[in-house]
Amino acid sequence: MTTIGIIGSGNIGSTVARLAVAAGHDVVLSNSRGPHTLQDLVSELGPKARAATAAEAAAAGDVVVVTVPLRAYRDVPVEPLAGKVVIDTNNYYPDRDGVFEELEDGSTTTGELLQKHLPQAHVVKGFNNIWAGHLGDLSRPAGSADRSALPIAGDDEAAKQAVTELFDSLGYDTVDAGPLAENWRTQRDTPVYVSPYGAYGQLPGTQASTQVVREALAAAK
Ligand SMILES: NC(=O)c1ccc[n+]([C@@H]2O[C@H](COP(=O)([O-])OP(=O)(O)OC[C@H]3O[C@@H](n4cnc5c(N)ncnc54)[C@H](OP(=O)(O)O)[C@@H]3O)[C@@H](O)[C@H]2O)c1
């Protein structure tokens with residue numbers, strides 16, 4: 001079993017934490033306001049969860065999930081993430097995050113921004129294309145006929161393999177979308193973004209198989 005550090009414990013961070021604890025992993029949660037504000041969530045999750053600072057969650061995790069509003073990505077601690085597998089869930093919403101010219105002009109991607117901030121980490125884009133409600137709802141054991149798939153993108157094959165194994169334990173198949181530079185294929189308003197898993201905000205979700213995700217990635221323009 002793995003210890004998963006979580007930087008950002010909102011919609012996605014708390015959903016990943018619930019799936020991880022259900023799968024038998026340990027989780028270390030963090031946010032911007034401090035561990036004392038996460039006590040209700042930690043109590044709900046039970047003995048496999050604890051709250052810490054972002055730097056402590058980064059240091060504790062075998063795999064670390066960065067799931068903060070994009071505008072806050074530069075606050076993610078750098079040194080404790082050196083050499084680690086980092087899953088980047090972040091999406092760009094200029095109304096929320098402010099305007100990032102390099103994203104507006106397509107010269108980089110959200111995943112590459114975090115990788116540049118964390119030069120010694122192995123960043124893998126993942127969890128960014130599914131609404132948190134569907135992420136919690138569509139998890140299925142390996143081999144289930146109605147299992148869904150999630151795309152990943154990253155430059156380090158070993159890191160992608162580690163994330164694939166983690167996703168498998170959390171209830172999802174994985175489709176490799178290629179290097180981090182290809183993560184525009186999973187960004188906002190692409191075919192694989194949110195809609196394959198159902199309507200945003202509506203439960204239950206609908207299965208998005210490996211084939212559905214592969215075709216949606218290929219259809220991205
Ligand atoms: N919501 C979704 O369904 C969904 C789906 C896919 C991807 N995403 C993307 O995933 C990211 C997180 O989304 P979300 O909906 O989970 O956000 P959220 O519910 O607003 O939660 C954000 C979390 O990040 C924490 N945070 C903010 N600034 C931080 C900092 N400087 N250091 C450490 N933690 C910080 C917040 O802590 P405090 O509350 O203490 O400030 C909060 O726990 C976003 O980039 C979003 O676009 C969201």
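Considering only the chain, what is the antiparallel percent among its DSSP beta bridges, to the nearest 5?
If we restrict to bridges inside the chain, about 10 percent are antiparallel.
Excluding residue 60 itself, calculate the net charge of residues whose Cβ lies under 11 Å from the Cβ of residue 60, where each Lys or Arg counts +1 and each Asp or Glu counts -1. Could you put the intermediate results ahead of the total?
Numbers: positive: 50, 84; negative: 26, 56, 62.
Combined, the nearby Lys, Arg, Asp and Glu give -1.
Whole angstrom only: what separates the Cα centroid of the range 202-216 from the Cα centroid of the range 11-49?
Value for the Cα centre distance between the two parts: 26 Å.
Using a 10 Å cut-off on Cβ atoms, rank the peptides 34-43, 168-177, 70-79 from the highest mean neighbour count down.
168-177, 70-79, 34-43
Could you pull out every residue, at least 5 positions away or on a different chain, whose amide H is within less than 5 Å of the one on residue 51? Hs are placed 1.01 Å off N in the peptide plane, and Pro or chain starts have none.
29
How large is the direction-averaged shadow of the alpha-carbon convex hull of the range 1-115, in nm²?
7.1
Using the Karplus curve 6.51 cos²θ - 1.76 cosθ + 1.60 with θ = phi - 60°, work out ³J(HN,Hα) for each residue of the range 8-24 in order, rounded to whole Hz, and write x for Gly and Pro.
Along the range 8-24, the couplings run x, 10, x, 4, 6, x, 6, 5, 4, 4, 5, 4, 5, 5, 4, 8, x Hz.
What Rg and what Dmax come out for the range 129-197 when only alpha-carbon atoms are used, in angstroms?
In order Rg, Dmax, the Cα atoms of the range 129-197 give 12.0, 32 Å.
Tell me the net charge near residue 4. Cut-off is 9 Å between Cβ atoms, residue 4 excluded, with +1 for each Lys or Arg and -1 for each Asp or Glu.
Residues near residue 4 contribute -2 overall.
How would you order 58-64, 5-11, 195-201 from highest to lowest mean count of nearby Cβ atoms within 10 Å?
Per-residue Cβ counts within 10 Å, averaged per peptide and sorted highest first, yield 5-11, 58-64, 195-201.
For residue 221 and residue 93, calculate 0.36 nm times their separation in residues minus their Cα-Cα distance, and state this gained length in nm to one decimal. Spell out each step's value before the answer.
On the way: separation 128, 0.36 × 128 = 46.08 nm, distance 1.89 nm.
So the extension gain works out to 44.2 nm.
What residues qualify as long-range amide H neighbours of residue 61, i.e. H under 5 Å apart, gap of 5 or more or another chain, H built at 1.01 Å from N?
The list, which skips near neighbours in sequence, is 5.
Which value results when the Cα radius of gyration for the chain is divided by 2.2 N^0.38 Å?
0.94
For the range 3-219, what does the relative contact order come out to in percent, with C-alpha contacts under 8 Å and a separation of six or more?
17
Relative to 2.2 N^0.38 Å, what does the C-alpha radius of gyration of the range 90-216 come to as a ratio? Two decimals please.
Cα Rg divided by the expected 2.2 N^0.38 Å: 1.05.
If amide H atoms are built 1.01 Å from N in the plane of the peptide, which residues on other chains or at least 5 residues away come under 5 Å of the amide H of residue 124?
Here the answer is 86, 87, 88, since their amide H atoms fall under 5 Å of that of residue 124.
Here, each number is a calculation from the coordinates, and none is a lab measurement. Computed from a predicted structure; not experimentally measured. Quick reminder, even Gly has a Cβ in these numbers, built from the backbone with ideal geometry, and neighbours come from all protein chains shown.
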